[in-house]
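*Asks:* Here it is: the structure, laid out below.
We did not get these values from a lab; they are worked out from the coordinates using the rules stated. What you see is a predicted model, and the numbers here were worked out from it, not measured in a lab. Here the Cβ positions follow ideal geometry from the backbone for every residue, glycine too, while neighbour counts run over all protein chains shown.
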């Protein structure tokens, strides 16, 4: 059984999630390639050492260059602010080290294009951290659509809505500064990624992006609170999406509805272990949406639990992601979503921002 030295940049919210995932993935999935927690990097020596002790890393540093260049670190997980993604990834690829980067891929479309180019030059595995689409329920939804169970898709509605900034008296912070930290940079990428995964490429769109609370205690808000978008997919389906960090009452509103010629699907991340499926079968009196509770019969569920309906959680999505990253390294073949897929999300975001500014439809091919 082979080992690989893992270096994680960032020890906070996502840094902890990836650290826990790398600790657990070998046991959950009986992975052939087992992670070794080699080094963690944080913004100060004190915080780096705190995370090292808490998560079980061998060493710690407050300099990302030290981690990337360390011979014991053989693969990199980037969980830093977006403005560091590109520089770190390019340095890692120059050394031939695989990279798993949290979404969105860089702070801009230009960043993501450069990161894709660096990955292609290096020829090493790369992956973007879109974890929500990895729930057993959403994986099953992808299967149902691919198998034609609900027919040809005619319509998609998606949202990623939360309320962590619904209170206008919440003070300014790093989240209120810069496009990369606004709703279009933070929340929208997840649902756009879901739309691309479930229905395929988007051809054109029109969008509105808006800051509702431009002034908060402590300063001025420089990014967006919510946005809406209409789009047309390459398969001909219509689409609507809404993204918000001020959606009062919504905690994890990653939700979608998909209508097809033979049925429909509904999903809501706040009930992530259930998928609602409608099929135009049987008589009218009994036909309706059926609630399917995920269990061992669904993708990537059984390694966590043998009981149907017992459920998986947020951390389990990151463990599935870690399994995919390790498998990509083991085989030398990228597993979706790779950097190129992250760039496609950023193309849609760039088109939406331009559409909101110019107040017209935009073709994705222009971006």
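*Asks:* How big is the shadow of the Cα convex hull of the chain, averaged over all directions, in nm²?
*Replies:* The number I arrive at for the chain is 19.2 nm².
*Asks:* Round to a whole angstrom and tell me the spacing of the C-alpha centers of the range 329-367 and the range 230-289.
*Replies:* If we compute the Cα centre of each part, the gap is 22 Å.
*Asks:* Let me check I have the definition right: for the range 215-367, take the eigenvalues of the Cα gyration tensor, multiply each by 5, take square roots. What are those semi-axes in whole Å, largest first?
*Replies:* Three semi-axes, in Å: 31, 24, 20.
*Asks:* Can you work out the PRE-style zone for residue 363? Point 7 Å along Cα to Cβ, and I want the residues of the range 183-215 with backbone N under 11 Å.
*Replies:* Taking a point 7 Å out along Cα→Cβ of residue 363, the residues of the range 183-215 whose backbone N falls under 11 Å are 204.
*Asks:* Under Stokes-Einstein, with the Kirkwood radius over Cα pairs standing in for Rh, what whole-number D in µm²/s applies to the range 143-295 at 25 °C and 0.890 mPa s?
*Replies:* Result for D is 146 µm²/s.
*Asks:* Given the DSSP H assignment, sum -39500 (n - 2.57) over each helix run of at least 4 residues in the chain and divide by its residue total; what's the result at 222 nm in deg cm²/dmol, nearest 500?
*Replies:* -10500 deg cm²/dmol
*Asks:* Return P(r) of the range 46-153 (all Cα-Cα pairs; 5 Å bins starting at 0; whole %; ordered from short to long distances).
*Replies:* 2, 11, 17, 17, 15, 12, 11, 6, 4, 2, 1, 0
*Asks:* If a/c stays under 1.5 just call it rounded; otherwise compare a/b with b/c (prolate if a/b is bigger, oblate if not). Do that for the range 201-277, with a ≥ b ≥ c from the square roots of the Cα gyration tensor eigenvalues.
*Replies:* In terms of gyration-tensor shape, oblate.
*Asks:* With an 8 Å cut-off on Cα pairs and a minimum separation of 6 or more residues, tell me the relative contact order of the chain in percent.
*Replies:* With pairs under 8 Å counted, the relative contact order is 19 percent.
*Asks:* Still on this structure, please answer the following. How big is the Rg/Rh ratio for the range 3-84, C-alpha atoms only, Rh by Kirkwood, two decimals?
*Replies:* That ratio equals 0.95.
*Asks:* I've got another one for you. Quick check for you: which residues of the range 30-52 have the amide N under 16 Å from the point 7 Å beyond the Cα of residue 70 toward its beta carbon?
*Replies:* 35-52
*Asks:* Report the normalised scattering of the range 86-226 as log10 I(q)/I(0) at q = 0.12, 0.14, 0.19, 0.20 Å⁻¹, calculated by the Debye formula with identical scatterers on the alpha carbons.
*Replies:* Here the Debye-derived log intensity ratios amount to -0.66, -0.86, -1.17, -1.21.
*Asks:* Moving to a separate point now. Treat the count of other C-beta atoms within 10 Å as a stand-in for reagent exposure and order 276, 174, 361 from fewest to most.
*Replies:* So the residues, fewest neighbours to most, are 174, 361, 276.
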